[in-house]
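Have a look at the structure below, then the notes.
A short reminder: the numbers here are calculations on the coordinates, not readings from a lab. Since the model is a prediction, treat every value here as computed from it, not as a measurement. FYI the Cβ positions are ideal-geometry reconstructions off the backbone, even for glycines, and counts take in every protein chain you see.
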């Protein structure tokens, strides 16, 4: 029998989706996350995978072409989506720091995800969150 003290309360899940960059390597004036794959902006693919995890809060970090990126993000239909502006694109760490105020008072786990990973699967994200929680890790990193 499992001791009641070892059974953790279900934790909320939050996410930071990084979508502020210029995408200069694409040599396009369009924000990278707005380029389409399979008829949808790149950004909608990871947001759809994330939606299946039923997050409590998603902070979409926007910067370059912020209004267009916000509009694309809104098409995901996530009621918990909040837009956060990164005025000056100063890297990934800075983008995450810009999202930190949106999580004030939040006590769950936070997933940080790039907005330009259209092939990420919901099952991969679910497995990552499960592994993180099962091992009670402070940080869990997925790389490919």
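Which residue fluctuates most in the GNM of the chain (Cα springs below 10 Å): 72, 15, 99?
Largest GNM mean-square fluctuation: 72.
Sum -39500 (n - 2.57) across every DSSP H segment of at least 4 residues in the chain, then divide by the residue count to get the 222 nm mean residue ellipticity, nearest 500.
-8000 deg cm²/dmol
Would you mind computing Rg(Cα) / (2.2 N^0.38 Å) for region 54-108, counting N as its residues? It would help to have the intermediate numbers written out before the result.
On the way: Rg = 11.4 Å, N = 55, 2.2 N^0.38 = 10.1 Å.
Region 54-108 yields a ratio of 1.13.
Taking the chain as a Gaussian network, Cα atoms linked when under 10 Å apart, which of 127, 102, 66 shows the biggest mean-square fluctuation?
127
Ratio of region 3-92's C-alpha Rg to 2.2 N^0.38 Å, to two decimals?
In units of the 2.2 N^0.38 Å rule of thumb, it is 1.27.
Assuming R0 = 22 Å, can you tell me the calculated FRET efficiency for the pair residue 38 and residue 124, based on Cβ-Cβ distance, to the nearest 0.05?
Step by step, r from the Cβ atoms, then E = 0.80.
May I ask you to derive the relative contact order of region 27-115, considering only C-alpha pairs under 8 Å and at least 6 residues apart, and to give it as an integer percent?
30 percent
How many nm separate the modelled label positions at residue 25 and residue 12, each set 7 Å beyond the Cα in the direction of the Cβ?
3.5 nm
To check you understand DSSP bridge types, tell me what percent of the beta bridges within the chain (both residues inside) are antiparallel, rounded to 5.
Close to 10 percent.
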